[in-house]
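The values are calculated or read from the model by the stated rules, or taken from the named source; none is laboratory data. Note that the structure is predicted; figures quoted are calculated from it, not measured. Virtual Cβ from ideal backbone geometry, glycine too; neighbours counted across all protein chains shown. The accessibility values were calculated without ligands, DNA or RNA, using every heavy atom of the protein model including side chains. Shrake-Rupley method; radii C 1.70, N 1.55, O 1.52, S 1.80 Å.
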Amino acid sequence: MRNVTETVKQLIIINVLFFVGTLVIGDVAYKILALYFPENSDFQLWQPLTHMFMHGGFMHIFFNMFALYSFGSALEQMWGSKKFLFFYISCGLGAALLHTGVNYYYFQDSLNTLIGNGFEKQEILQLLNEGKIDTRWQEILSTSDFQNFTSAFMGTAVGASGAIYGIIVAFAFMFPNAELALMFIPVPIKAKYFVPGLVLVDLYLGISGKSIFGGGGIAHFAHVGGAFFGFIIMWYWKKNQFNQNRWN
């Protein structure tokens, strides 16, 4: 890879190896390494870290690694490898934290409603852990609440997107006037406008439950979480004039 820095190159290699491994091993790899809801019996403490090296398909990993290649090397050249890796992992963990926090809110809200209507918490959790539902829940919860309730518990999160959103936010901090463009937006837009707009779109889609392309399965709040933690770290470093030498 031309002009790619060492840590970025290693991260891309690790992600590709994980992806190839999942193709060979199959669903068992996702069951062990993807991020599950904390009350799900398949949840493990390492999943907030390992989920960011897992991907759901070729296009998923391609766009994430392309973004890492495009934006990450410029940051690593300025920061050094240790600072860059700390930032990358921190944003990935931050994405997992917000994604899980939002899911917990949706789940707990509906769980309290069901308990208030006479259902026992342990029976609900037992059914969900068996991959089952009680059809009576649909009579009590709204369609959207029921969907959020079950998907929060049974769904999984994979991908480096949260860490990538942090990287993009950092790029906008460091190079605010760099011109960026999406394939379906041919007009270049400065990073200081492009990146906030991208995050706001994800926030809107996460809250509304809508999708631009009509599909589902995108962890919008993980994107927002990675961007938010990236912003907080960059703001802190800028405010305190962080000394890069301590990382080298």
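Once both labels are positioned 7 Å from their Cα atoms along Cα-to-Cβ, the gap between M154 and L127 label points is 1.2 nm. When segment 91-171 is described by a simple charge dipole with +1 on each Lys and Arg Cβ and -1 on each Asp and Glu Cβ, the residue from Y165, I124, T100 located farthest towards its positive end is Y165.
In the chain, the DSSP-assigned H stretches of four residues or longer account for a calculated mean residue ellipticity at 222 nm of -20500 deg cm²/dmol, using -39500 (n - 2.57) per stretch and the full residue count as denominator. Amide H contacts for L180 (H built 1.01 Å from N in the peptide plane; partners 5 or more residues away or on another chain; cut-off under 5 Å): I189, K190, A191. Placing R0 at 51 angstrom, the Cβ-Cβ distance between Q108 and E179 gives a FRET efficiency of 0.70 after rounding to 0.05.
Using a Förster distance of 45 Å, how high is the FRET efficiency between Y204 and L17, based on the Cβ-Cβ distance and rounded to 0.05? Once rounded, the FRET efficiency stands at 0.80. Of F119, F173, F43, which is the most mobile in a GNM of the chain whose springs link Cα atoms less than 10 angstrom apart? Comparing F119, F173, F43 in a Gaussian network model of the chain, the most mobile one is F119. Surface calculation, 1.4 Å probe, protein heavy atoms: T143 sits at approximately 120 Å² accessible. Full extension of the chain segment joining K190 with F146 gains 11.8 nm, where the gain is 0.36 nm per residue of separation less the Cα-Cα distance. In segment 14-60, the portion of solvent-accessible area held by carbon and sulfur atoms comes to 75 percent [1.4 Å probe, whole percent, DNA, RNA and ligands not counted]. Pairwise inverse Cα distances across the chain, averaged and inverted, put the Kirkwood hydrodynamic radius at 19.4 Å.
Each residue of segment 225-233 is assigned a 3J(HN,Hα), and the resulting list reads x, x, 5, 5, 5, x, 5, 4, 5 Hz, derived from the Karplus form 6.51 cos²θ - 1.76 cosθ + 1.60 (θ = phi - 60°), x at Gly and Pro.
Measuring with a 1.4 angstrom probe and ignoring ligands and nucleic acids, Y104 comes out at about 110 Å² accessible. Computed with a 1.4 Å probe on the full set of protein chains, the accessible area for K9 sits at about 70 Å².
For the chain, what is the charge dipole size about the Cα centre, in debye to the nearest 20, if Lys and Arg each add +1 at the Cβ and Asp and Glu each add -1 at the Cβ?
Around 1140 debye, computed over the chain.
Here the gap between F86 and F66, fully extended at 0.36 nm per residue and compared with their Cα-Cα distance, gives a gain of 5.2 nm.
For segment 71-163, what value does the Rg/Rh ratio take when both radii are computed over Cα atoms and Rh is the Kirkwood radius, given to two decimals?
With Rg and the Kirkwood Rh in hand, the quotient comes to 1.21.
Counting alpha carbon pairs within less than 8 Å and at least 6 residues apart, what relative contact order, in whole percent, applies to the chain? If you can, show how the numbers build up before the last one.
On the way: 316 pairs, mean separation 66.1, N = 248.
Relative CO of the chain lands at 27 percent.
Accessible surface comparison of I140, I207, I218, probe 1.4 Å, protein chains only, largest first: the order is I207, I218, I140. Taking max minus min of the alpha-carbon positions on each principal axis, segment 14-68 gives extents of 34, 23, 16 Å, largest first.
On the protein heavy atoms, probe 1.4 angstrom, tell me the percent of accessible surface of segment 106-153 carried by carbon and sulfur. Intermediate results must be reported in sequence, preceding the final value.
Details: 1140 of 2790 Å².
Carbon and sulfur atoms account for 41 percent of the accessible area of segment 106-153.
Couplings 3J(HN,Hα) for segment 37-47, derived from phi with the Karplus relation 6.51 cos²θ - 1.76 cosθ + 1.60 (θ = phi - 60°), are 5, x, 8, 6, 5, 8, 5, 9, 5, 7, 5 Hz, where x marks Gly and Pro.
The largest accessible area among D109, D42 belongs to the first residue in D109, D42, and the rest follow in falling order (1.4 Å probe, all chains).
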